[in-house]
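The values are calculated or read from the model by the stated rules, or taken from the named source; none is laboratory data. Keep in mind the model is a prediction, meaning the values are calculated, not measured. For neighbour counting, all protein chains shown are included, and Cβ atoms are generated from backbone atoms with ideal geometry for every residue, glycine included. Keep in mind that these areas ignore ligands, DNA and RNA; they rest on the heavy atoms of the full protein, side chains included. Shrake-Rupley method; radii C 1.70, N 1.55, O 1.52, S 1.80 Å.
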Amino acid sequence: MSTPAQKNQQQRRQFLESMTRGAGALALFATGLSVLSRPARSLPAQALRPPGAAADDLDFQSACVRCGLCVRDCPYDTLRLATWVDDVAAGTPFFEARKIPCEMCEDIPCVKACPSGALDPALTNIDDSRMGLAVLIDQEACIAFQGLRCEVCFNICPVQGKAISLKRSHNVRTGKHALIIPEVHSDYCTGCGKCEHACILQEAAIKVMPIQLAKGEAGKHYRLGWEEKQKAGASLVTPDQQHQYNLPEGVIYDYEGEGLKPAPALQPANDDTPFKQSALDRLNQGFK
Amino acid sequence: MATKALQIGKDARQQKGWLRAHKWLLLRRLSQLSVIALFVSGPLLGAWLIKGDMSSSRVLDTIPLTDAFVFLQTLFAMAPVEQTLLIGAAIVTVFYLIAGGRTYCAWVCPINMVTDGAESLRRKLNIKTRINLSRSNRSILLGAILLGSLFTGTLIYELVNPVTMFQRELVFGMGFSWAILFSIFIFDMFFSKRGWCGHLCPMGKFYSLPGKLSLLRVNASKRDQCNDCMECYVVCPEPQVIKPALKGAASETPVILSGDCTNCGQCIDVCAKDVFTLSHRFTTPITEKLESSQREVSL
């Protein structure tokens, strides 16, 4: 029939063919699965991970085994597991701040429940968690920017006064009132989502987003002159110049603070006059 | 032909009675349903015997259990190893090293009820399937999944794994997995005989690995009684595993040692001659009499 050499060749052919087929199928499967994984790689803007999840969602996804123990131990039903129809990787836990925000339990039961370390067990103080970052994203809709008093986000914030503070500025529309504007500070914001949940608008003007989406970053080489100057104790480039102005007599210019003000020597010696520099001081003095 | 399909197991039923001819099937269904009941009793009745899902759970709020396949994927995705997860996976691995690797498939996995249903219906209606898949697909898939996890740094297969997805949605509320399950049913019934569990599911392939070493095994201990009715080959989900044990040389072990065997016991149920029993792997080979050597000649 066939000589041993022919048989050998045939076997070699078969071996090569089966190897090629196997390798091809393997490459195809691996590629297909990798492509499938792509949409799940970035978190949708409105989905937040539980406390202690890695900042890079891919790191979280590599560790999370999708068991739902964090969901089970969440006392407020904040967390839920993604299903196939969600944009979040199937089976992984997430929450939507506008629906149910994180209540920032002090004992962090979700982190304690996690068997895989996907929720970092080193997180013991909930204030250190960074689930996301609140952003006052629509300044046109936020009524504080219309000069109306609201401050609901400021008042509901669990890291009150630190994560959200209020900044006063001039109300140009009326010319005589203040705008009281909430400001978020990323040093303190945990991303719990209570502000977004509480926002009185039909669609929240303040939204919590995954940090990598919300946070900008100046280049690593970027230096702020005044900070460098403070560190060095003196100007790093040209020597500081004393500014010279043609000022009226008895007035100085404090160019690092208050601006134009009376020279110290010229300030009134006694306080007898009812007309002090500031009308407020006069009011605070009360009636005598 | 349809009548022939109905003949399967008739001898066993007549000889042993209906109950004994369905003993292992009933036990398996009991086991599978109990596992589901254990997991859903928490969310449904508030009795938290087991919390979590079959990927990872906590028994009585203390003992961790972790699916060894999911754990392996996290290793390949280069996730840092957490002690709890490691202990859970170790417990599960040791369990299957004792109970038989793919015992997971036949006794625990809820998908098995669906694919068993599709297969028995296919057999009753005598549907001829056209797609012949290679059983080695499972190994290729398993390799691809682990490589994919390595390259992408995430558990890519868990995005689509119908097995864990269905198990999870049983416990956490149904999402979309019933549709995938239905597709598997249709695929197994009309397109590929034992297509999912027998030819595609990489999870089953993974569990066949500890199965190669596992203690609990099906044993063709009375193989000299075999009357060559071939019914065990028909009902077995992995028929290739039977022959070496049943028709092996006298010096070879009658124990089914292949990791692919799921310890489902369908061969035990269907055999009118009680050739098969469930035993451990260290059964000494029976030095058979003359007739076995005659049988080998006739084969």
Subject >> Estimated [θ] at 222 nm from DSSP helical runs (n ≥ 4, -39500 (n - 2.57)) normalised by residues in the protein assembly as shown, nearest 500 >> reply: -11500 deg cm²/dmol
**OP:** Determine the dipole magnitude for chain A: charges of +1 sit on the beta-carbon of Lys and Arg, -1 on that of Asp and Glu, nothing else is charged, the reference point is the Cα centre, and the result goes in debye to the nearest 20.
**Re:** 1160 debye
Original post:
Say the dipole of the range B:17-127 comes from +1 at the beta carbon of Lys and Arg and -1 at that of Asp and Glu; which of B:Ile111, B:Leu27, B:Ile87 then lies farthest toward its positive end?
Top reply: B:Leu27
Original post:
So which GluC sites (Glu not before Pro) in the range A:165-261 pass both tests, a DSSP loop state and at most 12 other Cβ atoms within 10 Å of the Cβ?
Top reply: A:Glu203, A:Glu217, A:Glu249, A:Glu256, A:Glu258
Original post:
Dividing the alpha-carbon Rg of the range B:154-259 by 2.2 N^0.38 Å yields what?
Top reply: 1.37
**OP:** Kindly express, to the nearest 10 degrees and within the range 0 to 90, the angle between helix A:4-37's C-alpha long axis and the longest C-alpha principal axis of chain A.
**Re:** 30 degrees
**OP:** May I have the convex hull volume per residue, in Å³, for the Cα set of the range B:103-147?
**Re:** 97 Å³
Original post:
Using a 1.4 Å probe on the protein chains only, how many percent of the accessible area of chain A belongs to carbon and sulfur?
Top reply: 53 percent
Subject >> Signed unit charges on C-beta, dipole axis of chain A, positive-most listed residue A:Asn246, A:Gln11, A:Ala163 >> reply: A:Gln11
**OP:** Just tell me the longest site-free run in chain B, where the sites are chymotrypsin sites (Phe, Trp or Tyr not before Pro) in a DSSP loop having at most 13 other beta-carbon atoms within 10 Å.
**Re:** B:19-281
**OP:** Quick one: dipole size for chain B, taken about the Cα centre, charges +1 on Lys/Arg Cβ and -1 on Asp/Glu Cβ, in debye to the nearest 20.
**Re:** 820 debye
**OP:** Heads up, I need the accessible area for B:His199: 1.4 angstrom probe, whole protein in place, Å², nearest 10.
**Re:** 20 Å²
Subject >> Magnitude of the charge dipole, the range A:172-259, Cβ model with Lys/Arg +1 and Asp/Glu -1, debye to 20 >> reply: 420 debye
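With the Cα gyration tensor of the range A:119-182 in hand, give its eigenvalues times 5 under a square root as the equivalent ellipsoid semi-axes, listed largest first in whole angstrom.
Working: eigenvalues 199, 25, 13 Å².
Rounded to whole Å, the semi-axes are 32, 11, 8.
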Original post:
Per residue, how much accessible area does chain B show when a 1.4 Å probe rolls over the protein heavy atoms, in square angstrom?
Top reply: 44 Å²
Original post:
How compact and how long is the range A:157-220, expressed as Rg and Dmax of its alpha-carbon atoms in Å?
Top reply: 14.1, 42
**OP:** Arrange the residues A:Asp59, A:Asp254 by how much accessible surface each exposes, largest first, with a 1.4 angstrom probe.
**Re:** A:Asp59, A:Asp254
Subject >> Alpha-carbon Rg/Rh ratio, for the range B:227-281, with Rh computed the Kirkwood way >> reply: 0.91
Original post:
How many Å³ per residue does the convex hull of the Cα positions in the protein assembly as shown occupy?
Top reply: 263 Å³
Subject >> Which of B:Leu181, B:Gly9, A:Leu123, positive extreme of dipole for the protein assembly as shown (C-beta unit charges) >> reply: B:Gly9
Original post:
Among the residues of the range B:121-149, which ones have their accessible area go down by 30 Å² or more when all the protein chains sit together, as opposed to their chain alone (1.4 Å probe)?
Top reply: B:Ile140, B:Leu141, B:Ala144
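Total Å² of accessible surface buried at the B-A contact, 1.4 Å probe, nearest 100?
That pair hides around 3200 Å² of surface in total.
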Subject >> the range B:8-125: Cα Rg divided by the 2.2 N^0.38 Å rule of thumb >> reply: 1.32
Original post:
Mind listing the Cα extents of the range A:1-116 along all three principal axes, in Å, largest one first?
Top reply: 80, 26, 22
Original post:
What translational D, rounded to a whole number of µm²/s, comes out for the range B:121-214 from Stokes-Einstein when the hydrodynamic radius is the Kirkwood one over Cα pairs, at 25 °C and 0.890 mPa s?
Top reply: 167 µm²/s
Subject >> Cross-link reach list, lysines versus B:Lys222, counting only Cα pairs under 27 Å and skipping chain neighbours closer than eight places >> reply: B:Lys4, B:Lys10, B:Lys16, B:Lys23, B:Lys212, B:Lys243, B:Lys247, B:Lys273, B:Lys289
Original post:
What is the mean number of Cβ atoms from other protein chains located within 10 Å of the Cβ atom of each residue in peptide A:81-91, rounded to a whole number?
Top reply: 6
Original post:
For chain B, how big is Rg over Rh, using alpha carbon atoms and the Kirkwood form of Rh?
Top reply: 0.98
